[in-house]
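Novice: Here it is, the structure, as structure tokens.
The values are calculated or read from the model by the stated rules, or taken from the named source; none is laboratory data. Values in this document were obtained by computation on a predicted structure and should not be read as measured data. For neighbour counting, all protein chains shown are included, and Cβ atoms are generated from backbone atoms with ideal geometry for every residue, glycine included.
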């Protein structure tokens, strides 16, 4: 089985979620604790997408022409 190092929708969604969470944590420490709402929103979105397969960032990445991974294949159309 050949492994590809190219980024697909699954990896991009994990990357995007991780970046948003880290930015939210930094903003919470330096600006206001209200930024924890963003962290909670990302976490809740990850939970709902695990059950439903619907993920708004995956839809955006697909429209940008990124190849599908196995998690969001056909679920974002």
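Novice: Does any residue in segment 9-24 that is in contact (Cβ under 8 Å) with a residue 60 or more places away in the chain come within less than 9 Å, Cβ to Cβ, of a residue that is assigned to a helix (DSSP H, G or I) and crowded, with 16+ Cβ neighbours inside 10 Å six or more places away or on a different chain, and which pairs are these?
Specialist: What qualifies is 9/57; 9/58; 9/61; 9/62; 10/58.
Novice: Which residue, of 40, 58, 50, is at pLDDT below 90, surrounded by 10 or more Cβ atoms within 10 Å (Cβ to Cβ) and not in a loop (DSSP other than H, G, I, E, B)?
Specialist: Testing whether each residue is at pLDDT below 90, surrounded by 10 or more Cβ atoms within 10 Å (Cβ to Cβ) and not in a loop (DSSP other than H, G, I, E, B) leaves just 50.
Novice: Would it be correct to say that residue 22 is modelled with pLDDT of 90 or more and surrounded by fewer than 16 Cβ atoms within 10 Å (Cβ to Cβ)? Give the steps one after another, and end with the answer.
Specialist: On the way: modelled with pLDDT of 90 or more: yes; surrounded by fewer than 16 Cβ atoms within 10 Å (Cβ to Cβ): yes.
Spelling it out, residue 22 is indeed modelled with pLDDT of 90 or more and surrounded by fewer than 16 Cβ atoms within 10 Å (Cβ to Cβ).
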